[in-house]
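The values are calculated or read from the model by the stated rules, or taken from the named source; none is laboratory data. What you are looking at is a predicted structure, and each value in this text was computed from that prediction instead of being measured. Don't worry about glycine lacking a Cβ; one is built from the backbone with ideal geometry, like all the others, and counts go over all protein chains shown. With ligands, DNA and RNA removed, areas are computed over all heavy atoms of the protein, side chains included. Shrake-Rupley method; radii C 1.70, N 1.55, O 1.52, S 1.80 Å.
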Amino acid sequence: MMPRQNLPGVLVGYDNSDDAGVFQLTSDISVVQTVDYFPPIVDDPYTYGQIAASNSLSDIYAMGGQPKTALSIVGFPAKGVEFSVLGDIMRGGLDKLNEAGVALLGGHSVRDDEIKFGYAVTGVIENNNIKQNSAARPGARVILTKPLGTGLITTAIKRGKAKAEHVQAAVTAMVQLNRRAAEISLQFRVDAMTDITGFGLIGHASEVAKASRICIHIDHSTVPLLPGALDYSREGFCAGGLTSNQEFFAPYVSIADSISSEMRNVFFDPQTSGGLLIFCQSQDAAALLMNLNAENMGAVEIGFTSEQTGRLLTLT
């Protein structure tokens, strides 16, 4: 068990599996911090750097904050890989930081047999705009801003079986910043947000349901999927994280018998730089969707919330 602290100023810690920590600076403003890094999931180093940056920044956006600075985290082999590869990775990451208006202040590197890359990111957040996992309410509409399936597709890439058009669709989704989606969401009555990453849709939705003491109901037929995701699921290109997610979260979820096994895999599939899962008060949901999709985000309403009934999540 993680040791506990009781220090003044901590507004959001790790108790409810929130996307980032929040520390109060003034009565109005807090600092929001996160860190994330992972091995390559695509073949192109520059694209990998872009994805790593988008993924790291996403936690700040999901909390309702604005990322301001970043420190790079690098693991790189001492031999066997051209040093220019690291330059391409860092260039991809820096270009994405520039797009987000985030200053790279430095970083740290270690020798590692496997390449790893990511960022520790610091941002600012208004204290009245913090979007915590514990703040979702019954009666909200649930909106997802990106399609699922990146874990299945990147696993197919590793096995040399992914089609080029499927890879391109996944890359396009992963390099897209969640910046505008978050900015638009903050203009409406949104109670909570989280981003869909390593625990998959079911895992991250379950964390919100547990922290908020609600039940989340998802209509599986409305959930957007990347092209090829179901095919790769059917062919068994499932990442190890998918199996771990199933083992951990399945006891808290009720899934209709009519939902196929390949579709179930998608819901447990670990995502990289996934979309925002937004919990919006029902009276604002249509307007929020309209504004998101006016910028071609492909956002979809996938469900609603209710009072807690036993299981954290139901998929029908």
Note, ³J(HN,Hα) from phi for the range 177-184, Karplus 6.51, -1.76, 1.60, rounded to Hz, x at Gly and Pro: 5, 8, 4, 5, 4, 5, 4, 5
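Once you wrap a convex hull around the alpha carbon atoms of the range 246-308, what is its projected area averaged over all directions, in nm²?
On the way: hull surface 24.6 nm².
Convex hull of Cα atoms, orientation-averaged projection: 6.2 nm².
Please grab the % of Cα pairs in the chain that end up more than 34 Å from each other. Spell out each step's value before the answer.
On the way: 9361 of 49770 pairs.
For the chain, the fraction of Cα-Cα distances above 34 Å is 19 percent.
Enter the per residue convex hull volume of the range 126-212, computed from alpha-carbon coordinates, in Å³ rounded to the nearest integer. Let's see the in-between values first.
Details: hull volume 9.6 nm³, N = 87.
Each residue corresponds to 110 Å³ of Cα convex hull volume.
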For Ile302, distant residues with modelled amide H under 5 Å away: Val142, Ile143, Leu144
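How large is the helix-only mean residue ellipticity at 222 nm for the chain, computed as the sum of -39500 (n - 2.57) over DSSP H runs with n ≥ 4, divided by its residue count, in deg cm²/dmol to the nearest 500? If you can, show how the numbers build up before the last one.
On the way: 10 runs with 113 residues, N = 316.
Theoretical 222 nm ellipticity from helices: -11000 deg cm²/dmol.
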Percent accessible area from carbon and sulfur atoms, the chain, protein chains only, probe 1.4 Å: 51 percent
Heavy-atom accessible area ranking, 1.4 Å probe, most first, across Phe117, Phe248: Phe248, Phe117
Average accessible surface area per residue within the chain, 1.4 Å rolling probe, Å²: 45 Å²
Lys/Arg +1, Asp/Glu -1 at C-beta; the chain dipole; positive extreme among Met1, Leu313, Gly298: Met1
Where labels lie 7 Å past Cα in the beta-carbon direction, separation of Asp28 and Asp88 in nm: 4.7 nm
Net charge of Cβ neighbours under 15 Å - reference Ile60; Lys, Arg +1; Asp, Glu -1: -3
Spin-label pair Ser221/Val10, simplified geometry with 7 Å Cα→Cβ offset, distance in nm: 4.6 nm
P(r) histogram, all alpha-carbon pairs of the range 52-104 included - 10 Å bins from 0, percent: 23, 48, 22, 7, 0
Sites Ser17 and Ile259, calculated FRET efficiency, Cβ-Cβ separation with R0 22 Å, nearest 0.05: 0.30
Rg ratio (alpha-carbon, reference 2.2 N^0.38 Å) - the range 36-157: 1.20
Cut-off under 5 Å, modelled amide H: who pairs with Lys131 long-range: Gly64
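What's the magnitude of the charge dipole for the chain around its Cα centre, counting Lys and Arg as +1 and Asp and Glu as -1 at the beta-carbon? Answer in Debye, nearest 20.
I would put it at about 180 debye.
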Whichever aspartates and glutamates have a C-alpha closer than 14 Å to that of Lys161, once near sequence neighbours (fewer than 8 apart) are set aside: Asp43, Asp231, Glu235
Whole-angstrom Cα spans of the range 170-316 along principal axes, big to small: 40, 38, 23
³J(HN,Hα), Karplus 6.51/-1.76/1.60, whole Hz, each residue of the range 89-104, x for Gly, Pro: 4, 5, 5, x, x, 5, 4, 6, 4, 4, 4, 7, x, 10, 8, 7
For the range 120-133, 3J(HN,Hα) per residue [Karplus equation, 6.51 cos²θ - 1.76 cosθ + 1.60, θ = phi - 60°, Hz, x = Gly/Pro]: 9, 10, 10, x, 10, 8, 6, 4, 8, 10, 6, 9, 8, 4
Environment charge at Gly21 (Cβ cut-off 11 Å; Lys +1, Arg +1, Asp -1, Glu -1): -4
Straight-distance crosslink candidates among lysines, where the alpha carbon sits under 20 Å from Lys158 and sequence neighbours closer than 8 are dropped: Lys116
Summed residue charge, Cβ within 9 Å of Gly303's Cβ, Lys/Arg positive, Asp/Glu negative: -1
Modelled FRET efficiency - R0 25 Å, Asn128 with Phe248, Cβ distances, 0.05 increments: 0.15
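Students often check this: by mean Cβ neighbours within 10 Å, which of 212-218, 93-99 ranks highest, and how do the rest follow?
Working: 212-218: 20.9, 93-99: 19.1.
Going by the mean number of other Cβ atoms within 10 Å, highest first, we get 212-218, 93-99.
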